[in-house]
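Enquirer: Sharing a structure, written as structure tokens. Questions coming.
No lab work stands behind these numbers, since they all come straight from the coordinates. All figures in this text were calculated on a predicted structure; none of them were measured in a lab. Here Cβ is always computed from backbone atoms with ideal geometry, including for glycine, and neighbour counts include all displayed protein chains.
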Amino acid sequence: MPKVREVREYELGLFYDQSLPAQWVGHVLDPRPGEVIVDMNAAPGGKTSHIIQLSNGKAIVHAFDRSEGKVRELIETLSRLGMDGLYRVEVRDTRYLNIDRPDLVNSVDKVLIDPPCTDMGVRPRLFDVKTMETVKSTAEYQRQFIKVAWRLLRPGGILIYSTCTIPPLENEDNMAYAESLGFEIVDISIPNASGGLTDRYRKSVVRFYPHVHDTPGFFIAKLRKLY
């Protein structure tokens, strides 16, 4: 069988190959026409393109990535899908977006953070080594995006946080950090998915496991800025 990305329909931009958990991210975000939406870690463009599609191209989508090469890939993806003119893409390290783009501060309706992570949910993988130090430093890195997202969002604005990894330090612990900044968790439920690992988040966040759901390992949470 040919690879999915080698078929003519892919070249024509008729679809984007994406895992089931990743597809749920856009639906949990629920983009609406006219909303200002920031994707802080947008490359390679799967979730960005889904946001554009779900809003029928009528949301104001700002997509950022710190790598020029990844931004080129992002633009190529969106162009292949026929979405030219429906997005605003920039090369930015979004840990400093409140400084680089002060016009976005307190004015964004929804933010998506799909940050660099330890990728412990990615499959197939025959061999991998991760240390606790790596997990801790990655979690600290992810919190920098959460802190900036709080500054970008208007009061009542929505943050979606997703990772393709399993450790609670990068997931539930970061949700506790977000609450300390002034976010509240919004309960979400996805059919056949699992809940959080701790009693505090058991019924409010969502997890997928390779050995349970036959999907990549994944975490999704929805938060609201209180003030």
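Enquirer: Let's test the formula: R0 of 22 Å, r as the Cβ-Cβ distance of Asp93 and Glu133. What FRET efficiency results, to the nearest 0.05? Walk me through the intermediate numbers first.
Expert: On the way: r = 23 Å, r/R0 = 1.04.
Approximately 0.45, to the nearest 0.05.
Enquirer: If we sort 87-98, 66-77 on the protection proxy, mean other Cβ atoms within 10 Å, highest first, what's the order?
Expert: Descending packing order for the listed peptides: 87-98, 66-77.
Enquirer: Treating the beta-carbon of each Lys and Arg as +1 and of each Asp and Glu as -1, no other charges, what is the dipole magnitude of the stretch 40-108 about its Cα centre, to the nearest 20 debye? All intermediate terms of the calculation are to be shown ahead of the outcome.
Expert: Details: 10 positive and 9 negative charges, 33 e Å.
In total the dipole reaches around 160 debye.
Enquirer: Specify which residue in the list Thr48, Gly82, Gly13 is farthest towards the positive end of the charge dipole of the chain, using unit charges on the beta carbon of Lys, Arg (+1) and Asp, Glu (-1), about the Cα centre.
Expert: In the chain, that residue is Thr48.
Enquirer: Sort out for me the Cα centre separation of the stretch 47-91 from the stretch 1-41, rounded to whole Å.
Expert: Between the Cα centre of the stretch 47-91 and that of the stretch 1-41, the gap is 10 Å.
Enquirer: Kindly flag which residue pairs out of Lys3/Lys47; Lys110/Lys130; Lys3/Lys203; Lys58/Lys222; Lys130/Lys225 have an alpha-carbon separation exceeding 26 Å in this structure.
Expert: On the way: Lys3/Lys47 21 Å; Lys110/Lys130 32 Å; Lys3/Lys203 38 Å; Lys58/Lys222 22 Å; Lys130/Lys225 33 Å.
Result: Lys110/Lys130; Lys3/Lys203; Lys130/Lys225 exceed 26 Å.
Enquirer: Under a point-charge model restricted to the Cβ atoms of Lys and Arg (+1) and Asp and Glu (-1), what is the dipole moment magnitude of the stretch 17-225 relative to its Cα centre, in debye to the nearest 20? Present the calculation step by step, with values, prior to reporting the outcome.
Expert: Details: 27 positive and 27 negative charges, 66 e Å.
Its charge dipole is roughly 320 debye.
Enquirer: Go ahead and collect, in residue order, the members of the stretch 89-122 whose backbone nitrogen is under 17 Å from a label point 7 Å along the Cα-Cβ direction of Tyr227.
Expert: 106
Enquirer: Please work out how much length the chain gains when fully extended from Leu126 to Glu68, using 0.36 nm per residue of separation minus the C-alpha to C-alpha distance, in nm with one decimal. Intermediate values should be presented prior to the final figure.
Expert: Details: separation 58, 0.36 × 58 = 20.88 nm, distance 3.00 nm.
Extra length from Leu126 to Glu68 when fully extended: 17.9 nm.
Enquirer: How much length is gained on full extension from Tyr209 to Glu184, taking 0.36 nm per residue of separation minus their Cα-Cα distance? Write down the numbers at each step before the final one.
Expert: Numbers: separation 25, 0.36 × 25 = 9.00 nm, distance 2.50 nm.
Computed gain between Tyr209 and Glu184 is 6.5 nm.
Enquirer: Can you tell which of Val129, Val111, Val36 shows the greatest fluctuation in a Gaussian network model of the chain with Cα springs below 10 Å?
Expert: Val129
Enquirer: Run through the DSSP bridge list for the chain and note the antiparallel percent, rounded to the nearest 5.
Expert: Values: 14 of 30 bridges.
Of those bridges, close to 45 percent are antiparallel.
Enquirer: Arrange the peptides 48-55, 208-215 so that the one whose residues have, on average, the most other Cβ atoms within 10 Å appears first. Display every interim value, and only then the final one.
Expert: Values: 48-55: 22.2, 208-215: 15.0.
The packing order, highest mean first, is 48-55, 208-215.
Enquirer: Could you line up Lys225, Lys58, Lys3 from fewest to most neighbouring Cβ atoms inside 10 Å? Could the numbers behind the result be given before it?
Expert: Working: Lys225 23, Lys58 13, Lys3 8.
Result, fewest neighbours first: Lys3, Lys58, Lys225.
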